[in-house]
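Take a look at the structure set out below.
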Amino acid sequence: MVEREQFTFDGMDNDVVVLEQKKRGIYISPLVLVVYVLVTIFLSVAVGVIVHFVKPCTHDQSESADRHSPEGVSVDGCPVTTLSTVTSSSIGDDDLWMVCLNMSLSRNETLPCPVSCHQTTPGEVINYRLPPTFLPRHYNIDIKPDIYGKEFLYQGRVVIHLECTERSDVIFVHFRKMTIEQPIDVRSADVIIGVIKTETVNVTELFKIYLDRPIEVGENISVSISYHGEVLADMVGMYYSRYVEENATKFMLATQLQATDARKAFPCLDEPLLKATFELRHWSRPEFIEKGYVNYSLDIGLKIFDYFENYFDYPYDMPKEDQISVPDFAFGAMENWGLIVYRETRMWLGNVVTCAWWSDLWLNEGMARYHEYLAMKAVQPDWDVDQIFAAQVIYTALASDQLGHSYPVHNPVEKPNEIERMFNSITYNKAGCVIRMLKELLLKDSYQDAMRLYLRQNAYDSVTFVELLRAFDDQAKKDDIPVNASMMMATWITQMGYPLVTMEKINNNTIKITQKMFLQNPQRPLYEAYTPPFKSLSLNNFIPETIKLQHPLSSSDWLLGNYLQYGLYRVNYDIVNWNLLISQLKSNHKVFHVVNRGQLIQDSFNLGRSGDLDHVISLRVTEYLRDETDHLPWVAAAEEAFEFFQKIFRYSANFPLFRTYARNLMLKNYKTLGWKKRLEDTHHDVYLRELTTKYSCIYGNTDCIETALDYFRRWKDDPTNTTIIDPNIRNTVYCTAIHYGLPSDWDFLFNIYKNFQHFSNEKSRQCRALTCSSDRATLARFFQMAASNNEEIMSHDPEGAITIMRYIAKTSVGHYIAWEALDAQWDTMRSKHTIFSSLCESLSTQYDLERFEAFISKHPPKKENEKNSTEDARNLILHNMRWRAANENAIFQWLRNVH
């Protein structure tokens, strides 16, 4: 492995960066490029960030403006002075953050004009945030469910112990889908306080209790509320789940309270800032214990807890930690404090320290996303976690933030539906990548010390990202590291998108570096609500445009930027350098780290799609894959690059040329890995076998298809034998058998699917495989079952119907089925407009555009989200058409020449 290069960066006037030359190539690390890019980005967007976040306020700020904010500026981002008074020369770093981020530093600093003031019509302002009048200290909850009666009902009672922080005679409590009973009992030191009236506000899901006297600051009261409702199987709040035991269906209760669903389980003050205590083991079903599933989770769980306690130098404070398996669970996991709920199987980041409001959800989820891979690397050192992180996190983050209509990591949100949308790839994956990039800039020990400082300073408190970045700044200063985390992170978390960095060799010792915002569709207009990040401004006024190398390059030396892909950006080169990189891949690809091999494929194909690179170059990058035995580069090629070709060209008469090319690239690995586990298999061999069999069958490898059919038929003859098909090849076997098999094969798998009670991963495999059918009548029937919310589908997965319809819409046969169904049933299926978006992903011809416009003319969008989706779809179709016109002939001519 190549060691990291040493470099100096002595200031803005120095245009020389000294790099250590590596063998016959030059590695430009993300650290060098990030330093160059960030200075430009920050200076060019700082004013834009301020303008974006500092907005006019319609509320009276006279009281709050001088409490915890710089002179003339309120903490919540509503300026008292005009914007012209807020300049880099008149405020310091902390003041800049206070202006830009709309966030208070603690609960006591929340002001009457929060970021969630939402004006709907002139004169009407809906506030989705609770006023800062009471802090919950403790909840006593008593719930009595009846899930074996004729109706699934429950009766509940909650006693909320509150401390008054601002004098008030109104108590606000969240609730949803329940009936609150009268009377409400409010007491102070066991003395009853009279309730004048109560009021419900449905749009904000608030229950207001008006008292006959104001509660004074510091006074402690209790509020007792009785309530009742129906237990639903909707996997939010408190819901019921079912499972089969000894051939009998049994029921259980479960909860999912994040983000705004605690209010569906019991009346409460449902904001992340408002922590409280509650009075309310490793549980599993016996057969799972017998099969050993529990032993693995227990063993790994103990190792992970030991790792995090040591890493953060902060003990896990709960007396115990239980893990519970729930058959029906909408999230991948839910790390409740002391109880981890997951589908059949974070305590420090999110529980010890919690985000103050959902705009900073990434402080919980993005931080946890990155650190879970650190833990995986520690407890499973043989898994090569760098490959897994790149495949599961980096690639997903880049793909989700290159379309021009995503969100910033720090994204001001107001309403519950906006909050729910925060649980997305930007919050989890992009934030995780940005944290990884910051760690690389700070270096390992300083980053770990900064995380420990962050936890110590903010334990059992709710924070904004100001506190996190302050800890990094303090630690960097202490360790004499010239990195200003706050200034760097401003451009990565307060704006959407990421840059394309282009490296061009000017001569043997000079490299020119430029940057611009990367958009897969460069002609797509940005939403006005977002300030365009990484503006394409001249670099001359900010940083040198050139890097001068200490050791001159020869004509055969290549450049490789973003070593180990630590930086969240794509890299392009001049054509000469691309040719040198391709030659190196063919002669000895192992010279490049496996992460960079995957990056070269990923970057080149996406640059081809955006028009920044000739797509024939990206195809040439894949020629070496015949000899690639690592998993990650194949993920970059097959699961993204090749999938795009299949989507666009699947109806083309020339598409068999590409199928043959892809199939031949995989043939060596297919023969080597086969279908069965080997004793010498590594973790990545298992991954690669799954990928290779899947795409070999998809691209027509006859041996692959016959083998998959044989596995399926043997299982069909003995369906209770779960050892016939290894779990890692079941996706391939199921889908291939359903595609090439008989109608009776589909009926068999559907019967298994609708009666399956156990692991959700297995149920998901079965569901997706059922959409692989090539029989039009079968797919049409399955689509209509999903569209009508058939009980056999909905009983275990309320979201399953949407999933099925989207999967069918993406197939070559199902595309037209879905289109016709949406056209005929749009009035009843309008709420499922995301399926329409899936249909449009593959449209790329003039006929497709005319068909799209006819559909929109017949079914014009009504709601704002429909209008946005329609415009996004239209732009995507136009981009696909331009791309196809520019690349199709050259791509297939190259494929003919290769054959």
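The values are calculated or read from the model by the stated rules, or taken from the named source; none is laboratory data. Note that the coordinates shown come from a computational prediction; the quantities given were computed from them, not determined experimentally. Please note: Cβ atoms are built from the backbone with ideal geometry, for glycine as well, and neighbour counts cover all protein chains shown. Side chains are part of the model used for accessible areas, which takes the heavy atoms of the whole protein and leaves out ligands, DNA and RNA. Shrake-Rupley method; radii C 1.70, N 1.55, O 1.52, S 1.80 Å.
One table, with the values for the structure above:
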item	result
Of residues in the range 512-544 being at pLDDT 55 or above and in contact with a Lys or Arg (Cβ under 6 Å, 6 or more places away or on another chain), the one nearest to residue 610 (Cα to Cα)	520
Residue within the range 771-788 that is among the aromatic types (Phe, Trp, Tyr), out of contact with any Cys (no Cβ under 7 Å at 6 or more places or on another chain), at pLDDT below 85 and more than 25 Å from residue 880 (Cα to Cα) present	no
Members of the range 157-192 found to be part of a loop (DSSP other than H, G, I, E, B), under 19 Å from residue 140 (Cβ atoms) and among the acidic types (Asp, Glu), listed by number	181, 190
Residue within the range 401-409 that is farther than 16 Å from residue 492 by Cα, of a type in the set (A, V, I, L, M, F, W, C) and surrounded by 21 or more Cβ atoms within 10 Å (Cβ to Cβ) present	no
Residue within the range 621-633 that is of a type in the set (Phe, Trp, Tyr), buried (at least 20 other Cβ atoms within 10 Å of the Cβ) and more than 17 Å from residue 895 (Cα to Cα) present	no
Residue 503, sole failed condition from (1) within 30 Å of residue 405 (Cα to Cα); (2) modelled with pLDDT under 75	(2)
Residue, nearest to the chain's Cα centre (by Cα), within the range 633-692, restricted to residues that are closer than 23 Å to residue 848 by Cα and not in a helix (DSSP H, G or I)	650
Within the range 589-599, tally of residues that are out of contact with any Asp or Glu (no Cβ under 7 Å at 6 or more places or on another chain) and open to solvent by 10 Å² or more (accessible area, probe 1.4 Å)	3
Enumeration of residues in the range 443-465 that are loosely packed, with under 15 Cβ neighbours inside 10 Å and of a type in the set (Phe, Trp, Tyr)	460
Unmet requirement for residue 721, which otherwise passes all of (1) surrounded by fewer than 16 Cβ atoms within 10 Å (Cβ to Cβ); (2) in a helix (DSSP H, G or I); (3) modelled with pLDDT of 90 or more	(2)
Check on residue 836, modelled with pLDDT under 85, crowded, with 22+ Cβ neighbours inside 10 Å and of a type in the set (A, V, I, L, M, F, W, C)	yes
In the range 660-714, residue surrounded by the most Cβ atoms within 10 Å (Cβ to Cβ) [restricted to those that are of a type in the set (Val, Ile, Thr) and under 20 Å from residue 594 (Cα atoms)]	692
Residues located in the range 753-770, provided they are of a type in the set (Phe, Trp, Tyr) and at pLDDT below 85	756, 759
All positions within the range 187-198 that are open to solvent by 40 Å² or more (accessible area, probe 1.4 Å) and closer than 23 Å to residue 163 by Cβ	187, 189, 190, 191, 192, 195, 196, 198
Residue under evaluation residue 586, criteria (1) surrounded by fewer than 20 Cβ atoms within 10 Å (Cβ to Cβ); (2) at pLDDT below 90, criterion not met	(2)
Qualifying residue in the range 236-257 (condition: more than 26 Å from residue 185 (Cβ to Cβ), at pLDDT below 70, under 32 Å from the mean Cα position of the chain (by Cα) and in a loop (DSSP other than H, G, I, E, B))	no
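A quick yes/no check of all residues on (1) under 19 Å from residue 569 (Cβ atoms); (2) open to solvent by 10 Å² or more (accessible area, probe 1.4 Å):
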{"position": "360", "(1), (2)": "no, no"}
{"position": "365", "(1), (2)": "no, no"}
{"position": "387", "(1), (2)": "no, no"}
{"position": "391", "(1), (2)": "yes, yes"}
{"position": "396", "(1), (2)": "yes, yes"}
{"position": "420", "(1), (2)": "no, yes"}
{"position": "431", "(1), (2)": "yes, no"}
{"position": "436", "(1), (2)": "yes, yes"}
{"position": "440", "(1), (2)": "yes, yes"}
